[in-house]
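Let me begin by presenting the structure, written as structure tokens, before commenting on it.
The values are calculated or read from the model by the stated rules, or taken from the named source; none is laboratory data. These numbers come from a predicted model, not from an experiment. Quick reminder, even Gly has a Cβ in these numbers, built from the backbone with ideal geometry, and neighbours come from all protein chains shown. In case anyone asks, the SASA skips ligands and DNA or RNA and just uses the protein heavy atoms, side chains included. Shrake-Rupley method; radii C 1.70, N 1.55, O 1.52, S 1.80 Å.
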Amino acid sequence: MCFFNALSLSAQQVARRYRRKFDAVEAWKQIMAEGEPRKIDKLKTLYQHRLAEGMYNIPAYEQPHCIIVSGSDELQVMDWGLIPRGTKPEKREQYNKKNWHKNARAEDIFTTWPWRFLIRSKRCIIPSTGYYEYHYGPDKKTQPYFIQLTDREVFSMGGLWDEWENPETGERLQTFVQITTAANSFTRKIHNGGQNPYRMPLILQPEDEQRWLDPDLSDEEIKSLLKVYPAFGMAARPVYKQFKDLDPYDKRIIREEPDADQTFLDLE
């Protein structure tokens, strides 16, 4: 679940929202422009060669470069899918193939490796303008939904990050994992199937964003922020079932599919 995020803003807009500099993002774009092929023939390659800036679909399993807010005064560029420090190079490839460490359950954050080594000092924010979940109908067929907040264009998902160094090459890679909570009454109606049903991202209240990044928080203060976001103020719409196959910058990805059943989304 929660394997598809959207950030349909530029780095400059994100930097303004979180009061950060964005020089690091600009540097990454320059590196990618100089060092990667300009001709992109397949969609998977397209994801691998673009920075997740202005995208309507950022799939975790493609491990794109994502804009992340950490304790730094600069926006950071990290890969989605945590590679814990000390991981052997061959193990890293296994993480990639099996999609390990894309999500972390809030309930296990203080007790489970590697989260328990990161929760006190390596918290981060994943900026989002919406995310996707699948709904399972009575016939077991799935319908993707695009979920947003009605009171703000960009919101903050809680995550953890770490830096991995390849012992053979010296390569340094910053990666992150998204934290999830139990679903609220609204998203529970949507995310009702799959391997981990009834879950949603940890969404922070605006007044809690800077607190989440504070390295001096006590365990109890951190736990107080690991709460389920309220259902009021959330909205969702069914989208094109093959949204994953479109260009990630194509706005059609978030257009509503009018023929899909939405009666179950009535909050009453």
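On the basis of being more than 17 Å from Lys29 (Cα to Cα) and either in a loop (DSSP other than H, G, I, E, B) or in contact with a Leu (Cβ under 9 Å, 6 or more places away or on another chain) (or both), does Ile68 make the cut?
Here the answer is no, as Ile68 does not meet what is asked.
Given the options Asp216, Asp261, name the one that is at pLDDT below 90 and out of contact with any Cys (no Cβ under 8 Å at 6 or more places or on another chain).
Only one candidate qualifies: Asp261.
Only one residue in Trp28, Trp113 is surrounded by fewer than 21 Cβ atoms within 10 Å (Cβ to Cβ) and in a loop (DSSP other than H, G, I, E, B), so which one is that?
Sole residue among the options that is surrounded by fewer than 21 Cβ atoms within 10 Å (Cβ to Cβ) and in a loop (DSSP other than H, G, I, E, B): Trp113.
Between residues in the stretch 123-143 that are touching a residue at least 24 places away in the same chain (Cβ under 8 Å) and farther than 22 Å from Ala235 by Cα and residues that are assigned to a strand (DSSP E or B) and of a type in the set (S, T, N, Q), which pairs lie under 8 Å by C-beta distance while being six or more apart or on different chains?
Sorted first by the residue in the stretch 123-143, then by its partner, the pairs are Cys124/Gln76.
If I ask for residues that are part of a strand (DSSP E or B) and crowded, with 19+ Cβ neighbours inside 10 Å, which ones from the stretch 71-110 would you list?
Answer for the stretch 71-110, where residues must be part of a strand (DSSP E or B) and crowded, with 19+ Cβ neighbours inside 10 Å: Gln76, Val77, Met78, Asp79, Trp80, Asn103, Ala104.
Please indicate, with yes or no, whether at least one residue in the stretch 105-115 is within 30 Å of Glu26 (Cβ to Cβ) and either among the basic types (Lys, Arg) or modelled with pLDDT of 85 or more (or both).
No - not one qualifying residue is present in the stretch 105-115.
Considering the stretch 211-255 alone, what residues qualify as being charged (D, E, K, R), assigned to a helix (DSSP H, G or I) and farther than 17 Å from Tyr134 by Cβ?
Answer for the stretch 211-255, where residues must be charged (D, E, K, R), assigned to a helix (DSSP H, G or I) and farther than 17 Å from Tyr134 by Cβ: Arg211, Asp219, Glu220, Glu221, Lys223, Lys251, Arg252.
Can you list residue pairs whose Cβ atoms sit under 8 Å apart, with the first residue in the stretch 189-201 being on the phi > 0 side of the Ramachandran plot and the second being surrounded by 15 or more Cβ atoms within 10 Å (Cβ to Cβ) and in a strand (DSSP E or B)? Count only pairs 6 or more apart in sequence or on different chains.
Within 8 Å, the pairs are Gly194/Tyr134; Gly194/Tyr136.
Within the set of pairs 6 or more residues apart or between chains, which connect a residue that is among the aromatic types (Phe, Trp, Tyr) inside the stretch 92-116 to a residue that is surrounded by 12 or more Cβ atoms within 10 Å (Cβ to Cβ) and not in a helix (DSSP H, G or I) with Cβ atoms less than 7 Å apart?
Every condition considered, the pairs that remain are Tyr95/Gly81; Tyr95/Ile83; Tyr95/His101; Phe110/Ile119; Trp115/Ala104; Trp115/Ile109; Trp115/Leu160.
Which pairs do you get when a residue that is closer than 19 Å to Gln210 by Cα and without any contact (Cβ under 8 Å) to a residue 60 or more places away in the chain, found in the stretch 63-87, comes within reach of a residue that is open to solvent by less than 40 Å² (accessible area, probe 1.4 Å) and aliphatic (A, V, I, L, M), reach meaning Cβ atoms under 8 angstrom, with the pair 6+ apart or on two chains?
Close Cβ pairs satisfying both conditions: Glu74/Ala24.
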